[in-house]
Amino acid sequence: MLIDTIVGRENEIDELNRVLRSPAAHLVGVTGRRRLGKTTLLESWAKTSAAPALFWTAIKRPARLLLKEFSQAVYQFEHGRPAPARQFSYESWDELFADLARICSRPERSIVIIDEFPYAVAADPALPSVLQNAWDHQLKRSNLVMVLCGSQMGMMSELYQSDAPLFGRIEGPMRVGPLPFSQIGAFMPGYNFDERVKAYACFGGVPAYLELIDPHISVYANIQQQVFSDFGIFSNDPDYLISEQVNDARYYNAILEAISQGARQSAEIASRAGFTPGTNPAYYLTRLCEMDYLRDAYSLEIEPLARKKSRKTHYLVNDAMLQFYFRFVQRYRGALNLDLRQVFNARLEEQLESFAGRTAFEEICRQWLRDRAQHNGLPFLIEDIGQIWGNDGENGTQVDAAAISWRDKCVLVGEAKWTTTHADAAVVNKLLRTTIPVVLSMLPNRGGGWTAYPYLFVRRGVTREAYNLARAAGVRIIAVGQIEDSLIEL
């Protein structure tokens, strides 16, 4: 469903406006993986700011053509009309930036946005150095806010390295991420909480995907429409997202598929992804993390200084659509190619419920904790939020939504139950008698001096017996209505 106004980017726009209002010239970076609406965000901000704005997007072309295109954009920015000669171009980037500094020295504030800046750098690797020289001698004295935006997060991060030409000059980066669950309702009015959770499990908080949802048909019908149609997102987007940034996507896709199917640690990922025995997939894992399609997660009870060396690091897919694609669509690609849609439909209806619970609902519970913490709505000041998982010797305990304070020695232990029936007393007993003792035993001094706060997140409420037991033991029960209302309020 197309949205006329930008959704859920108030913090980013406030930050950009803060920079715009300050008196000095600013060079800022904006980054985030594809489809998250960076371009829309910047266009909307520039338009509503009322400041003169130049928006230019670099594409994969030779440097000379990019210089000509940007030259003509600069001419139109100054004169309000296209350049009289179609071949008009500055002789060099130095000349272009010098003239841009002159144009932007007028009393009114100017905005210059260079979108997909990494493409321009790929065409001319000297461009950051040229921009550095222009910034130091001309642009920083102008009345300008210049934004460098890019989806290739690895290349954008290089701009901030200590040996990079723009180090100490470029601010940020502002990282544009997926929308939180609380914001996606604008794309699917009429969907209830359960339907939005399932949609969130498949499409995540990516605006470009959420806009494809037809709120007049079911979640299942939307998914099938995107899978079976030649124009659906699952027909080419997963391959494009990775191959657009690497030369050979085979190993990257194999890793994403292995993790989507349940592999978590490096050795298991390498085995399932078909790497030669003894081959280390670290390079590919690191690149996928740089691209923001993977994240390396740690078990929350590990002390911060020990996390980098911990063997309990897990790799998780950081994009809901990719995770859904490699969990379902890619797995049944053979049947889909043979147009055996009933096979895919049967597996989808059979497994989507549990998939939504394990991925989307647990993440929504963590978002609720984060939002509550920001408004002092939790029993202690939170230092970190995440998950806790145990080793086999620790009963394989996993805490779906956890929070911790090392200073106050407090840990919040949250169980998320995405079931179609009421949670019973056995669930409460397991949380109190098994999960919390195991979690405490994993903390320093085996939990001595620590306080555990039990939380139970439930989809369908609890039985009377479970309620009485939870109340007596101090277990905080959070129903989906409370989650929904709180997220909307915040």
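No lab work stands behind these numbers, since they all come straight from the coordinates. Computed from a prediction, not measured in an experiment: that's the story for all the values here. Cβ coordinates were reconstructed from backbone atoms using ideal geometry, including for glycine residues, and neighbour counts include every protein chain displayed.
Between the range 447-468 and the range 251-315, how many Å separate their Cα centres?
With the range 447-468 and the range 251-315 each reduced to a Cα centre, they are spaced 32 Å.
Quick one: P(r) of the chain from all Cα-Cα pairs, 20 Å bins, percents rounded to integers, in order of increasing distance.
Bins of 20 Å from zero give 20, 49, 27, 3, 0 percent of pairs.
Nearest 10 degrees is fine. How inclined is helix 63-79 to the longest principal axis of the chain, computing both from alpha carbons?
Helix 63-79 and the main axis of the chain meet at about 80 degrees.
Taking only Cα atoms, what is the 0 to 90° angle, nearest 10, from helix 93-103's long axis to the longest principal axis of the chain?
Tilt of helix 93-103: around 90 degrees.
So if I take the centroid of the Cα atoms in the range 27-67 and the same for the range 128-160, what is the distance between those two points in Å?
Cα centres, the range 27-67 to the range 128-160: 13 Å.
Would you work out the charge dipole size for the range 249-304 about its Cα centre, treating the Cβ of every Lys and Arg as +1 and the Cβ of every Asp and Glu as -1, and quote it to the nearest 20 debye?
I would put it at about 280 debye.
Does the range 10-175 classify as rounded, prolate or oblate by the C-alpha gyration tensor (a ≥ b ≥ c root eigenvalues; a/c under 1.5 gives rounded; else a/b over b/c gives prolate, otherwise oblate)?
Here the range 10-175 falls in the rounded category.
Determine the gain in length on full extension of the stretch Val246-Glu349; use 0.36 nm per residue of separation and subtract their C-alpha separation, reporting nm with one decimal.
33.6 nm
For the modelled label position 7 Å from the Cα of Glu15 along Cα-to-Cβ, which residues of the range 266-297 have backbone nitrogen atoms closer than 19 Å?
Flagged as within label range: 290-293.
Determine the calculated [θ] at 222 nm for the chain from helices alone, applying -39500 (n - 2.57) to every DSSP H run no shorter than 4 residues and normalising by the residue count; nearest 500 deg cm²/dmol.
That calculation yields -12000 deg cm²/dmol at 222 nm.
Please get the size of the charge dipole for the chain, origin at its Cα centre, with Cβ charges of +1 on Lys and Arg and -1 on Asp and Glu, quoted in debye to the nearest 20.
660 debye
With respect to the cross-link table entries Lys47/Lys140; Lys309/Lys417; Lys309/Lys409; Lys198/Lys312; Lys60/Lys198, which display a Cα-Cα separation exceeding 26 Å?
Too far apart for the 26 Å limit: Lys309/Lys417; Lys198/Lys312; Lys60/Lys198.
Which of the listed residues, Gln183, Met155, Ala134, is farthest toward the dipole's positive end in the range 129-276, when Lys, Arg count +1 and Asp, Glu count -1 at the beta-carbon?
Positive-end residue among those listed: Ala134.
For the range 371-490, max minus min Cα coordinate along each principal axis, in Å, sorted largest first?
Ordered largest first, the range 371-490 gives principal extents of 37, 32, 25 Å.
Given points 7 Å out from each Cα along the Cα-Cβ axis, report the Arg272 to Ser162 separation in nanometres with one decimal.
Between Arg272 and Ser162, the simple spin-label model gives 3.8 nm.
Among DSSP beta bridges whose residues both lie in the chain, state the antiparallel percentage, nearest 5.
Percentage antiparallel, nearest 5: 30.
Please say if the range 225-382 is rounded, prolate or oblate, where rounded means a/c under 1.5 for a ≥ b ≥ c the square roots of the C-alpha gyration tensor eigenvalues, and otherwise the choice is prolate for a/b larger than b/c and oblate otherwise?
Because a/c hits 1.5 or more and a/b fails to exceed b/c, the range 225-382 counts as oblate.
Just how large is the dipole of the range 182-358 about the Cα centre, in debye to the nearest 20, putting +1 at every Lys and Arg Cβ and -1 at every Asp and Glu Cβ?
Here the range 182-358 has a charge dipole of around 740 debye.
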